[in-house]
Structures are given as structure tokens and as C-alpha cells.
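As C-alpha cells, the structure follows; a few thoughts come after it.
The values are calculated or read from the model by the stated rules, or taken from the named source; none is laboratory data. Note that this is a predicted model, so its numbers are computed, not measured. Note: ideal-geometry Cβ built from the backbone for every residue, glycine included; neighbour counts use all protein chains shown. Protein only, heavy atoms only, side chains kept; ligands, DNA and RNA dropped before computing areas. Shrake-Rupley method; radii C 1.70, N 1.55, O 1.52, S 1.80 Å.
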Amino acid sequence: LVDEVGANLRRHAEVLATLGSLDRATTHAAEALETHHSIGARFAELGDLLLLAELAAARGRDGAADMHLRAARDLALELGSRSARIDVALAQARIADARGDSRGVVRALNGIGQDLVRLGYSSEWEVHALWARALARAGDLDDAVRRGRRAIVAVERVRSGYGGAALRTTYLADKAQVYTDLVDVLLELDRTAEALAVSDAARGRALLEHLSHGRPTPDGSQRTADADTARRELLRRIDRLASSIREYEEFDDLTAIRELEESLEAARREYQTFALHGTGSTTLIPGEMAARRADLDAIRGSLQSDEVLVEYLVAPDRVFIFVVTALGVRSLSAQVSAAEIEGRVRLARDLLADRGAAPRDALFVLRALHQDLLGEVFADPELAGLRQLIIVPHGALTYLPFGALWNADTGRYLMEDYSLLFLPSAAALPALRSPRRDSGGDARVQVEAAAFAPLLRELPASRAEAQSVRRVLAGELYLGRRATESALRNALAQHRVVHVASHGVLNVRNPLFSRIEMAGRTALEVHEVLELTIQSPLVFLSGCETGLGAAWATSFAPGEDYATLERAFLYSGAQNVIATLWPVEDAGSAEFAKRFYGHLATAGPSRALALAQREMMSHPEYGHPYYWAAYRLAGDGLAAGPAQNRTALSVQ
């Protein structure tokens, strides 16, 4: 019981440290050490000492940090445990890394030598990441790339072991620096295409995994599925070997241990080769860091003649920007920190979502964001004439209303000059626009609509909103009690445009239970959407905050954008999804929908959205950005597939 009290004190200290309360964290860690020492819990004492050392270093108290490290080293020697030696070495390396002491990092990690062979992947990624940063600071960039790749392979190995896409996505949230470090080194070496592939792997890939799982190859085989089976079997073999080593250590059978270690190292090398060089798939499957030319070619080949793809990667001290056109890829960077980006995004959203604030009040922050994120992008004369931006955001940028960014040179909002399309990853573009998602051979496909307005009393304008859909596209209206969850499920399973004018409810505590409310006090929740097979070419979620996840309510953890209504519909098969970034007003939503569907038949979804936004901006009643900047489109941007460069839905 006393041991558990000490463990809870240390956990409390770790939480406080994460929140930045270093003094209080130190107090709790010291109490944990005293508690564990009182009962002779030596391994627990070691953990307390190492935490105190790292806290002291973070507070700038190097003398105290060195004192705690010496005590930890002495205790580790007494214990004679491999895991104790590894823990001490990692703590020393972390502290040296924070000090910018590359030699100290290498010295600490060299001290564990052969212990690295037995190190589990859950810690191995950090060893290689620390080593890679030290090598990069020392100017040894090629070796830094090799170490950085090994760190990513270790991260991907653990990540791929999670059974659910949400868990695999969220696992990456606190490992982002492993990817940004490698991107930085690759760009220094002018290996831009490779850096783009690493950047793309730094974000949640649930959509890509869903699209590429079991994807048929030209010869009709299921190469990706077979490779996935082989990869999982290799991981099981690695786990069995590691388990066997632990068993033989109990009997001090050194000969058997050496043989098993050799087999384990060989299996890990095999997995690293497998992960780095892929299996023949042209998509950026999990763990594939080879950045083969085919990956960039696939992305470029999926772009239409007037499109440019811009991918962002938010690092602690800068934002990496990749610009992909039919001609190639180039990289830029904005010298603005992740904390500054988050603050600006929050301020911009707060001002835009407030109907009482004058639009000009937000221009200073929208101008700064435009300059940092797009200023250098548009300076390239090769982009003249391009009219659609495909944006792959990251971190806080996931929730930025890009269409409202203000170009000080032209005095115009971004959406006045470009139509916008959003994707969770660049590699998702060729997957979404692949021929296998094509709906048929004709360039124009007859599409019906299903429009839902279940809450007529609470949202009186939703009736007119649903009717505006029906006036443009043939189909059926589901008003009031007819707009049931069951009817919505049936409509989503058909090749129909589905429009839902209802309340969207963001569940901050558990985003898998965020929902769209339907008739009869029923709702369709995120976790239920993820179980559907959706056939709709376009789903318009005209509710409040249907594009937000729990990250917006707390901090911008990159993994949390998985559980939004927008992403859930996209992952489950919707070709395009329109969602909102803040609570939208009933009458304004109806006016926006009327204008959007008025353009859809001839302009296609992305351009129709931009045209609707431009018209709303000029509206005497709905000109405030609150009414038009919240809407965004995610998906392939096409109406029914890329077979003949489709851009429009035809009216039946």
C-alpha cells in the first residue's frame, strides 16, 4: 500500500510537470522518493531520482540534476539490473539533449552498449531519436538520417500493434518531434521528396489505411493485405524472441541468450528493411519511409491542371511547408513556433465566430497567418493560374478557417481567389481519386439527393434549407418525424447526395460520441458512423462544429482530429464531406445551403463552396465571416471520380 502511495505521488508529479508546474512537480517527486525509501522499494527509488534529475534540469538547476543523476547511477550499480542501466542512460541523454550537449548524449547512450539489443521498441524509438539529434547538431547528417529512420521504424512498430485506427493515430501525438527532426535533416540534405513522405507519415493515417487495406494490384492480387499479414507475423516472432530472452535470463543460460539475441537482432533488421522499403504498394503505408519516386509521382498524377497541394508540418520552433504541383515538390519554412501558431489560430477563430465583432478586428491576425503560411507559397510565379488549393493541415492548423486568411497585398480573402479542399494526408489524394472508387464510366453521373431536417421546431429555417437541396437535385425530403436515424443510414448507403440540417453536438470528453441529432430523440454518433459503408458522393453536415474534435476544446494534439463527424463520414466511404468549424446560425445556414446547391450542378463541390462563400460575403445580412468562413470541404473534390476529370454533379 505504501509503495502504491509513492507511485501515485510520482504520477502526480509527472502530470504536473507536463502541465508546466515544475516546482509543485518537484515537491511531489521528493515525497515519492521519501515514501519509497521508507520501505526499501529500490527500483521505485531509482525512478523517483531520475524524475527529480530531469525536473531539476528543466528548472535550470544543473547542480541538483547532477546530484540526483549520481545517486541514480550508484543505485543502478547496486541493483545490477539491465533495465536500471538503460533508465539511467536515457535520463542522462535527455538532460544532455536539453542542454545541447551532443557529446553527453552519445556518451550516455554508448554506456548501455549491448543492452540496446534487448531494449523494447517502446523505449528504442527514444534512444535513436536522441542519437539522431546529437548527430545532426554535430553535422553528421547522413548518420542522423539513419538514426532518425530507425527511430521512426520503432515508433511505427508500436503504433501498428494497436488494434484501432483511433489509437494508432493518437499514439503519434507525442512522437511528432521524431518526424520533424528527420524532416529537418532531410531538407538540409536537399532530399525534399523524402522529407515530404516523412512529413506525411507524422499525421494520423486512418483514412489512408482504410483505403489501401487489401487494395487490388493491377495483376489482381491482394499485395497489401498479404504484406500486412507477413508484417504482423514478423512482429509476433520479434515478441516471442524477446520473451524467450527474459525467460533464459532467469536461469543465467548465457549461450542460449546470445543465440536468441542474434536471432532477435536479425529479425529486427528484417523488420526495419521491410518497414523502410515497403512491399510494392505505391501508397505510403504505415512504416514506409523509403520515399520512393512513385509516391510523389502518385500525388502529382492525382492533381488536376489547376490544383496545387500544400502540406504543413508544425514543429516546435517552425512550420515546414511542402508545395506539390504537377512539376514537382519544393519546401519552405515559416519561422513561427507551434505555440504562436496555436495562439493565432485560437484568436482568429474567436474573432470570426463572434457575430458581434467587426470583421476588421480579425484582419491583423488573419494577415499574419496568411503571410506566414502562404506568403512564400504564392511568391512562386509557377503558381499563377492555379485556382484550387488542396490543404493538408497539421496540429492547430487543422482547425484554422483558411478561406478567411487575408492577403494584405490584394486586400482579399483567400477564398475570393481560390477554392479550397482539405485532406488528412497528401498520400490520401491518390487513394481517394483512384479508379477503384469510380462510380461508372460516364463523365456525368445522375445523382439524387436526400435532405434531412429533423428539428423543425428548434431550427425553423432548416425546412427551407432542405427544400433548397430538393430544388436542385432530384430526390426526397425527410422533414420532422420522417428524418429518422434509420432513414439517414439508408440514404448514406446509396449513391446519393445527403444533406443533414440539424444540431451537431461535440462530445469533448469522449469524441467518439459526438453526434448528429435526428428525429425521435435519436442521433447518429461518430462510433456508429465508423461502422457504416457509405456510398454518398457528398455529405453536407450543416450542424454546429461538425468538423471539430476534442483537441479544439483542450490542446491541439495531432491525434485527436480522428474522432470528428467530418472525418468519420470520410473514413466510412463518403467521397466528399462539408462540415463546420463553429456553431452556425439557423437562417444563415439555410441561405448558405441555397447558394451552394445553386452552383453545385455546374461548378462541382469545391468551387460551389467557394462561390457560395463569395456571394455570402457580399450579402447585406450575412456578409460577416461568421456566416461563411466556418464551412470547409474534405475529400477528393470531385463529384464522382477522376475518370474524365469530373468537376460537377449533373441534375436529374
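If I model a spin label as a point 7 Å beyond the Cα along the Cα-Cβ vector, how far apart are those points for Leu383 and Arg103 in nm?
4.5
Starting from the amide H of Val584, placed 1.01 Å from N in the peptide plane, find each other amide H under 5 Å away whose residue is 5 or more places distant or on another chain.
Cys544, Glu545
Figure the gain on full extension for Arg481 and Arg59 (residue separation times 0.36 nm, minus the Cα-Cα span) and round it to one decimal in nm.
On the way: separation 422, 0.36 × 422 = 151.92 nm, distance 6.09 nm.
Difference between extended and current length: 145.8 nm.
If amide H atoms are built 1.01 Å from N in the plane of the peptide, which residues on other chains or at least 5 residues away come under 5 Å of the amide H of Phe540?
Amide H to amide H, under 5 Å and 5 or more residues apart or across chains, Phe540 pairs with Val498, His499, Val500, Ile578.
Listed highest first by mean packing, meaning other Cβ atoms within 10 Å per residue, what order do 52-63, 530-541 come in? Don't skip to the answer; put the middle values down first.
Values: 52-63: 18.3, 530-541: 21.1.
Going by the mean number of other Cβ atoms within 10 Å, highest first, we get 530-541, 52-63.
Using the Karplus curve 6.51 cos²θ - 1.76 cosθ + 1.60 with θ = phi - 60°, what ³J(HN,Hα) values do you get for each residue of the range 316-331, in whole Hz, with x for Gly and Pro?
x, 10, 6, 10, 7, 10, 10, 10, 10, 10, 4, 8, x, 10, 9, 10
Each residue of the range 515-523 in turn: what ³J(HN,Hα) in whole Hz from Karplus with 6.51, -1.76, 1.60 and θ = phi - 60°, glycine and Pro shown as x?
Coupling constants for the range 515-523: 8, 10, 7, 10, 5, x, 6, 9, 7 Hz.
Could you compute the FRET efficiency for Thr27 and Ala357, with r as their C-beta to C-beta distance and R0 at 41 Å, rounded to 0.05?
FRET efficiency, Thr27 to Ala357: 0.45.
Rounded, prolate or oblate, given the Cα gyration tensor of the range 4-92, with a/c below 1.5 counting as rounded?
Working: a/c = 1.89, a/b = 1.22, b/c = 1.55.
Oblate shape, in that a/c is at least 1.5 and b/c is the bigger or equal ratio.
What FRET efficiency do you get for Ala230 and Phe513 if R0 is 22 Å and r is their Cβ-Cβ distance, rounded to the nearest 0.05?
Values: r = 36 Å, r/R0 = 1.65.
Rounded to the nearest 0.05, the efficiency is 0.05.
With a sphere of radius 13 Å drawn around the Cβ of Leu459, what net charge do the other residues whose Cβ falls strictly inside it have (Lys, Arg +1; Asp, Glu -1)?
Working: positive: Arg457, Arg463; negative: Glu458, Glu465, Glu517, Glu585, Asp586.
With Lys, Arg at +1 and Asp, Glu at -1, the net is -3.
Find how many whole Å separate the alpha carbon centroid of the range 377-428 from the alpha carbon centroid of the range 1-55.
One Cα centre to the other: 47 Å.
Among Arg387, Arg471, what's the order by accessible area (1.4 angstrom probe), most exposed first?
Working: Arg387 120, Arg471 160 Å².
Putting Arg387, Arg471 in descending order of accessible area: Arg471, Arg387.
Pulled fully out, how much extra length does the chain show between Arg412 and Ser123, if you take 0.36 nm times their separation in residues and subtract their Cα-Cα distance?
Numbers: separation 289, 0.36 × 289 = 104.04 nm, distance 4.93 nm.
Additional length available on full extension: 99.1 nm.
Compute the distance in nm between two label points, each set 7 Å from the Cα along the Cα-to-Cβ direction, one at Arg521 and one at Leu77.
So the label points at Arg521 and Leu77 sit 7.0 nm apart.
Sequence-distant or interchain residues sharing an amide H contact under 5 Å with Leu456, placed H: which?
The list, which skips near neighbours in sequence, is Gly480.
Tell me, what HN-Hα J-couplings in whole Hz come from the Karplus equation 6.51 cos²θ - 1.76 cosθ + 1.60 at θ = phi - 60° for each residue of the range 179-187, using x for Gly and Pro?
For the range 179-187, the Karplus curve yields 6, 5, 4, 5, 4, 4, 5, 4, 5 Hz.
Dipole size in debye (nearest 20) for the range 4-87 around its Cα centre, Lys and Arg Cβ +1, Asp and Glu Cβ -1?
Details: 10 positive and 13 negative charges, 33 e Å.
With only Lys, Arg, Asp and Glu charged at Cβ, the dipole is about 160 debye.
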